[in-house]
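The values are calculated or read from the model by the stated rules, or taken from the named source; none is laboratory data. No experiment lies behind these values; they were computed from the predicted model shown. Backbone-built Cβ (ideal geometry, glycine too); neighbour counts: all protein chains shown. Surface accessibility is based on the protein's heavy atoms, side chains included, excluding ligands, DNA and RNA. Shrake-Rupley method; radii C 1.70, N 1.55, O 1.52, S 1.80 Å.
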Amino acid sequence: MTTKQKTIMEVVLNTLFISIAIGMFIISKDYRFVRGTLLGSRTFPILIGSIMSIFGIVNISVALKRFLSESEPEVIQDSEAKSGNRLHDCIRMYRVQIAVGLMVIYYLLLTLIGFIFATVIFLPLILYVLEYRRLFQVILVTVIGVAFLYISFKVLLGVPLPEAILF
Amino acid sequence: MIEYLLSGFGFLFTTMAAPALFGGVVLGIMLGVLPGLTATMGIALLIPLTYYVSPGIGLSMLIGIFAGGIYGGSVSAILLKTPGTPAAGATLLDGYPLSQSGHAGKAIAIATISSAIGGLIGALILSFLAPQIAKIAVRFGPTEYVLLGVYGLTMISYVSGKSLIKGLFAGCIGLLISTFGIDPITSVPRFTFGTLNLLTGFELLPILIGIFAMSQAIEGVRDSREISPPQVKLTNVGISIKEFIRILPHIVKSAFIGTFVGAVPGTGTDIAAFLSYGEAKRSSKHPEEFGKGSIEGVAAPEAGNNACVNGAMIPMFTLGIPGEAATAVILGGLMVLGLQPGPLLFADSPEVIYTVFASTITSNLFMIVLGLVGARFFAKVLSLPKSVIVAFIFVFSVLGAYSMRNSMFDILVMMAAGLLGYIFSLLDYPVPPVLLGVILGPLVESNLGRTLLVSGGDLTIFFRRPISIFFIIIIVLTIGSNVFKHYKSKK
């Protein structure tokens, strides 16, 4: 990750939480103080939110200062070896983003088709992203893994698994 | 107290607690062996399972994972030159050269024996010292609890890493998260946005699994193309009596150092290991061998870091203050099981607490057997495909988050926490302060409210009781020394 990307990310992160603190401040306007005191439902959130905003502003200014003081342009080395396959190279380059995307899809599948089918779809896909691609082994890992999870959680421990809304 | 401890052993060996402890130690060693996976993550992932068994059994399993995980890190440090856990960083200094010279088995045996003896001494100190501290702590009122919570929050400065401000920012995020849901004093629902999911606030477990397990899985995806160094072949696992006699004084000394370091909130197993290593080198008759494959250099840090595991549980059980990430997660586990960590735990649930003490002692005995007999098996774990493990951490995280309330909303919270944890690691923001904030927030807020209601808003109440004044002095000293330390390190 370049310094510029890191700085942008840090500024966004801190701004996001400062905005949340401001939002909580606005929402908590309706909460009353205990008569004659500063005690009430809004005291603690306002106190913590204010302190957090100050730290957030300090973090943003430190990040910007660090970015502006970097005089030498950063050289980004391409540490990832190319495989020759464009799809594989693309997956390799964006594997974290793809994995996060797969997690969101997994969540949606869990609500729609339940744990077993969603996991049967999710596991081979995430293994593909992780470059574990031997077909027989992927099938074996998926089938044994899902069976193990179902038996140990649902059957032996009685832990409920996410259920489908479609069927 | 002895009777309680014996009844703890009785519960351990007459129920499923002993098998759970054994399983926990095995799992902990396996997680510790694998670089990138930590005992903290293992504990976070398995807390949901403890919800479905009795607290004694569940906690025994968590204790086993913690103890096994810290020991397991030494195996990869010795065989791969890659410490499985930060605690094994000092073991690597002499463990790897020893294995390079064809004595990998000896190095593993020394690590195992030292870990077990160190851990055993630490566990015995924990079992006898913790109840005495709890007897004092049971006199605390709301005023002391506020200050205790604030003292716990000062631990943020210890776990903040390079930047104190980033740590404090992360701690505030945790505190803000803890304000969602019904206000403990006025019972007004806060920031619920009309949804029932937020009426009781954010559940601790999904946050815990997200920031400690899911974020590691995402990091696992990022680092999935890293190539491990070649593994050294494991030969005879054992040491001679002469060698044992040579390392024994270092083990005992390191065990006391480790327990003391662990009992001071804000320290950690890595500090205990390096301090023990330094002391062993200083007092050794052969300091020139250190760094080149000294057996004392393997024994001391291993005894120190495993003793530290038990030392770290002293403030956690007696005061409800987690000193570092793993104990913070176990503390979260206690809360999930409906137990309130702190001095009242000794009065309310002695059967649970003494089963835990019996587990800490027994886990070391399991460790010595497993380490010596199963060393070859654990070395084989290193050849497991990391991709498969990472994939299953994703699935386990989802199951863990869902299982407590059967809520899809909790899965979303876990994913968001995981993403936040990953972004934090990218930007060098520490994650443990978030958890400290979430855990200690309600304690501070509710007791602050009670204190101020009783005193009519008069803040001088904090200066009227001797224990409160003691805490204020400790808090001021802790903050002052840390600000000075950070200022000095920047200079």
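A few remarks follow.
- Restricted to the range B:1-80, the set of helices (runs of 4 or more DSSP H) holding at least 1 residues that are polar (S, T, N, Q) and under 17 Å from the mean Cα position of the chain (by Cα) comprises B:39-50, B:55-80.
- Evaluation of residue B:202 against (1) open to solvent by 10 Å² or more (accessible area, probe 1.4 Å); (2) more than 30 Å from residue B:383 (Cβ to Cβ); (3) modelled with pLDDT under 85 (one fails), failing number: (3)
- Residue check, residue B:128 in contact with a strand residue (DSSP E or B) (Cβ under 8 Å, 6 or more places away or on another chain) and either buried (at least 20 other Cβ atoms within 10 Å of the Cβ) or at pLDDT 80 or above (or both): no
- Of all the criteria given as (1) at the interface with another protein chain (Cβ under 10 Å from one of its Cβ atoms); (2) open to solvent by less than 10 Å² (accessible area, probe 1.4 Å); (3) touching a residue at least 24 places away in the same chain (Cβ under 8 Å), the one not satisfied by residue B:404 is (2).
- Filtered residue count, the range B:442-491, keeping only those that are surrounded by fewer than 15 Cβ atoms within 10 Å (Cβ to Cβ) and among the acidic types (Asp, Glu): 1
- Among the candidates A:122, A:117, the residue that is closer than 21 Å to residue B:222 by Cβ and at pLDDT 90 or above is uniquely A:122.
- Here residue B:268 meets the list (1) surrounded by 24 or more Cβ atoms within 10 Å (Cβ to Cβ); (2) of a type outside the set (D, E, K, R); (3) out of contact with any helix residue (DSSP H, G or I) (no Cβ under 7 Å at 6 or more places or on another chain) almost entirely, failing just condition (1).
- Residues in the range B:324-360 that are in a loop (DSSP other than H, G, I, E, B) and open to solvent by less than 10 Å² (accessible area, probe 1.4 Å): B:342, B:343.
- Among the conditions (1) open to solvent by 40 Å² or more (accessible area, probe 1.4 Å); (2) touching a helix residue (DSSP H, G or I) at 6+ places or on another chain (Cβ under 6 Å), the only one that residue B:385 does not satisfy is (2).
- Residue check for residue B:141: under 19 Å from the mean Cα position of the chain (by Cα) and touching a residue at least 24 places away in the same chain (Cβ under 8 Å): no
- Among the candidates B:66, B:9, B:13, the residue that is in contact (Cβ under 8 Å) with a residue 60 or more places away in the chain, hydrophobic (A, V, I, L, M, F, W, C) and more than 27 Å from residue B:398 (Cβ to Cβ) is uniquely B:9.
- Identity of the residue in the range B:164-197, more than 22 Å from residue B:446 (Cβ to Cβ) and outside any helix (DSSP H, G or I), that ends up nearest to the other protein chains (Cβ to nearest Cβ): B:193
- Matching option when the condition is modelled with pLDDT of 80 or more and open to solvent by less than 10 Å² (accessible area, probe 1.4 Å), among B:23, B:72: B:72
- Residue count, the range B:138-162 (criterion: part of a helix (DSSP H, G or I) and modelled with pLDDT of 75 or more): 13
- Taken over the range B:370-390, the criterion of being more than 24 Å from the chain's Cα centre (by Cα) and at the interface with chain A (Cβ under 7 Å from one of its Cβ atoms) is satisfied by B:385, B:387, B:388.
- Hey, residue A:36 at pLDDT 80 or above and at the interface with another protein chain (Cβ under 9 Å from one of its Cβ atoms) or not: no
- For the range B:430-440, the criterion of being in contact with a Pro (Cβ under 7 Å, 6 or more places away or on another chain), within 14 Å of another protein chain (Cβ to nearest Cβ) and farther than 14 Å from residue B:140 by Cβ is met by at least one residue.
- Candidates B:29, B:57, B:47, filtered to the one that is closer than 22 Å to residue B:118 by Cα and in contact (Cβ under 8 Å) with a residue 24 or more places away in the chain: B:29
- Matching residues in the range B:283-323 - criterion: being assigned to a helix (DSSP H, G or I), under 22 Å from residue B:75 (Cβ atoms) and hydrophobic (A, V, I, L, M, F, W, C): B:295, B:298, B:299, B:300, B:303, B:307, B:308, B:309
- Within the range A:1-33, considering residues that are part of a loop (DSSP other than H, G, I, E, B) and more than 7 Å from every other protein chain (Cβ to nearest Cβ), the one modelled with the lowest pLDDT: A:32
- Test for residue B:108: is it more than 14 Å from chain A (Cβ to nearest Cβ) and at pLDDT below 85: no
- If only residues of the range A:101-124 that are under 18 Å from the mean Cα position of the chain (by Cα) and surrounded by fewer than 18 Cβ atoms within 10 Å (Cβ to Cβ) are counted, the one that is nearest to the other protein chains (Cβ to nearest Cβ) is A:104.
- Number of the condition not met by residue B:457 [criteria: (1) at pLDDT below 85; (2) part of a loop (DSSP other than H, G, I, E, B); (3) closer than 30 Å to residue B:220 by Cα]: (3)
- Residues of the range B:359-407 that turn out to be over 29 Å from residue B:307 (Cβ atoms) and of a type outside the set (Val, Ile, Thr), as a count: 19
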